[in-house]
Every structure is written in C-alpha cells, then in structure tokens.
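Asker: Here you go, one structure.
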Amino acid sequence: MILLQTLSTDSLSAAENLAMGATKQNIGLLDLLIKGGYMMIPLYLLFILAIFIFVERLITLNKASKTSSHLMDQVKVLVQSGQTEKAKILCAGEQTPVANMIAKGIERIGSPLKNIEVAIENVGKIEIYKLEKNLNLLATVSGAAPMIGFLGTVAGMIQAFIAIAQEEGMVSPKLLSEGIYEAMITTAAGLVVGIVAYLGYNFLVSKVSKLVHNMEYSSIEFIDLLQDN
C-alpha cells in the first residue's frame, strides 16, 4: 500500500513537472515578435505597406472591372444612329478604363481610322499605368522583406556569439539557444511578409491582365464598328 502511494505521488510530481515544462516552453506570438529585435521594425512597416497596397489596388481594380456588359451594344446603336453625344454621355457615366477608351474613340469619329486607333491606344496606355500603380512597390516588398529578415538574423547571431565570447567559464546552453532562436525570428518574419506580398502581387497582376484583355477586346470591337460604318 505504501509502495502504491509512493508511486502515485511520484507520478503526480512527474506530471506536474512536465506541465510546468510545457508552460515554460509555450511562448506567445507577441513575445516572439518583441524578442526579434530592432530589425523587426522595418518588417512591421513593410507588412503594413504590403497590406495597404493590396487593399487599395484591389478596390481600384474591382471598380475598374465594373463595366456594363451592355455598354458596347448601346454604343453601337447610338453611333450607328448618329447620336454620338449620347454615346459620350453614356461612356462618361461608366468611369472605367474601357469606357474612357471608347469615349476617346467617339470624340475622334470623323478622323482617319488610323488616328482613332492611335488615340484609343494612347488612352489605353494611360489607363494601364493607372491600373499597375504601386504594383512594382509590392513586388519590391516581397523581395526585400526576406533579405531584411536574414540580415536581422545575421546581426542577431553576431550579438549572440559576442555575448558567448564574453562569458567566463562554461557557456550556458540556455544562453546559446536563446540567442539563436531570437535571431531566427527575423528570418521567419521576413519570409512571412515576403510570401504575403508575393501572393498579393501575383493575384493583382492576374486581375490587371484580365482587365487589359477586356480593354483590348473592346477597342477592337469599337474599331470594327467604325469600319462597318
């Protein structure tokens, strides 16, 4: 009986020790981010910048893609009936890249067809520039964040080894491990920021490509309309 009580007591003590060890090992995400050091500051700023650019561009691209599916049909009817002013007003109400290109073409009706094509292309280039605004900056963030994170890790490792070199006698494994894992935090954070920015960049580029394709298709359709007339 005494043996059983002793074993039970030992088991409870071991369980408590394991629970305490697990509690000590569980480090919160916020604690990890704070322990990353001063190199985490530019990573925070890059993450905020990436999220801001992604949201702003997403809103802009969604607005730009909301061209009425019946716009070209309505423009075709109005142009063929000679109501170019109404066609201009219709396009002006859309406020989308496609509508702006068609409006420029309508303004140039009566000019040589080649001049109309050039005018539409010029407006298209301006609209594409507006759509791609800040995408290069987002791509830069996706490439710079991992490098900044790696730089922070290298700087942290240097500091850790300096601290180890200044220790007299036996070096504590805890001191070594803490210095290394704190240094590695910046690499992990940099990779996270870089991956988020990279995925966001490619998603936005795909949306821009779809919009550009729609712009090209609409401009060709409008030129065909003028040729038929």
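The values are calculated or read from the model by the stated rules, or taken from the named source; none is laboratory data. This one's a predicted model, so the numbers in the text were calculated from it and none came from an experiment. Every residue, glycine as well, gets a Cβ built from its backbone with ideal geometry; the counts of neighbours run over all protein chains shown. Please note that ligands, DNA and RNA were not included when accessible areas were found on the heavy atoms of the full protein model with its side chains. Shrake-Rupley method; radii C 1.70, N 1.55, O 1.52, S 1.80 Å.
Asker: Suppose the filter is surrounded by 14 or more Cβ atoms within 10 Å (Cβ to Cβ) and over 17 Å from K125 (Cα atoms); does V193 pass it?
Answerer: In short, yes.
Asker: Follow-up question, since we're still on this one. Can you report the number of residues in the stretch 93-118 which are touching a residue at least 60 places away in the same chain (Cβ under 8 Å) and open to solvent by 60 Å² or more (accessible area, probe 1.4 Å)? Show your work before the answer.
Answerer: Our first condition is that a residue be touching a residue at least 60 places away in the same chain (Cβ under 8 Å); within the stretch 93-118, this holds for 97-98, 101-102, 105, 109, 113, 116-117.
Now narrow it down to the ones that are open to solvent by 60 Å² or more (accessible area, probe 1.4 Å): 109.
Within the stretch 93-118, residues that are touching a residue at least 60 places away in the same chain (Cβ under 8 Å) and open to solvent by 60 Å² or more (accessible area, probe 1.4 Å) number 1.
Asker: Determine whether the stretch 194-205 contains at least one residue that is at pLDDT 90 or above and over 30 Å from T96 (Cβ atoms). First the steps, then the outcome.
Answerer: First, pick out the residues of the stretch 194-205 that are at pLDDT 90 or above: 194-205.
Cutting the leftovers down to over 30 Å from T96 (Cβ atoms) gives us 194-195.
Looking through the stretch 194-205, at least one residue is at pLDDT 90 or above and over 30 Å from T96 (Cβ atoms).
Asker: Restrict the check to the stretch 164-176 and report whether at least one residue is out of contact with any Asp or Glu (no Cβ under 6 Å at 6 or more places or on another chain), surrounded by 14 or more Cβ atoms within 10 Å (Cβ to Cβ), modelled with pLDDT under 90 and in a helix (DSSP H, G or I).
Answerer: To start, the set of residues in the stretch 164-176 that are out of contact with any Asp or Glu (no Cβ under 6 Å at 6 or more places or on another chain) comprises 164-176.
Restricting the remaining residues to those that are surrounded by 14 or more Cβ atoms within 10 Å (Cβ to Cβ) gives 176.
The next check asks that each one be modelled with pLDDT under 90; those that pass are 176.
Then keep just the ones that are in a helix (DSSP H, G or I); that gives 176.
Yes: one or more hits.
Asker: Just wondering, is there one or more residues in the stretch 129-141 that are more than 28 Å from V196 (Cβ to Cβ), within 38 Å of the chain's Cα centre (by Cα) and part of a helix (DSSP H, G or I)?
Answerer: no
Asker: Any idea which of (1) touching a Gly at 6+ places or on another chain (Cβ under 9 Å); (2) at pLDDT below 85; (3) within 30 Å of M72 (Cβ to Cβ) is the one I223 doesn't satisfy?
Answerer: Going through (1) touching a Gly at 6+ places or on another chain (Cβ under 9 Å); (2) at pLDDT below 85; (3) within 30 Å of M72 (Cβ to Cβ) one by one, I223 breaks only (2).
Residue-wise test of (1) β-branched (V, I, T); (2) touching an Asp or Glu at 6+ places or on another chain (Cβ under 7 Å); (3) at pLDDT 85 or above.
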position: I59; (1), (2), (3): yes, no, yes
position: S68; (1), (2), (3): no, yes, no
position: S81; (1), (2), (3): no, no, no
position: P97; (1), (2), (3): no, yes, yes
position: A103; (1), (2), (3): no, no, yes
position: E121; (1), (2), (3): no, no, yes
position: E127; (1), (2), (3): no, no, yes
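Asker: Determine which member of the set L71, L46, L90 is open to solvent by less than 60 Å² (accessible area, probe 1.4 Å) and without any contact (Cβ under 8 Å) to a residue 24 or more places away in the chain. Before the answer, list the steps.
Answerer: Values: L71 fails: without any contact (Cβ under 8 Å) to a residue 24 or more places away in the chain; L46 fails: without any contact (Cβ under 8 Å) to a residue 24 or more places away in the chain.
It is L90.
Asker: Condition first: under 20 Å from the mean Cα position of the chain (by Cα), more than 9 Å from T186 (Cα to Cα) and either among the hydrophobic types (A, V, I, L, M, F, W, C) or surrounded by fewer than 17 Cβ atoms within 10 Å (Cβ to Cβ) (or both). Now tell me which residues in the stretch 142-163 satisfy that. Walk me through how you get there before you give the answer.
Answerer: Of the stretch 142-163, the ones under 20 Å from the mean Cα position of the chain (by Cα) are 142-149.
Okay, now just the ones that are also more than 9 Å from T186 (Cα to Cα), so 142-145, 147.
Matches in the stretch 142-163: G143, A144, A145, M147.
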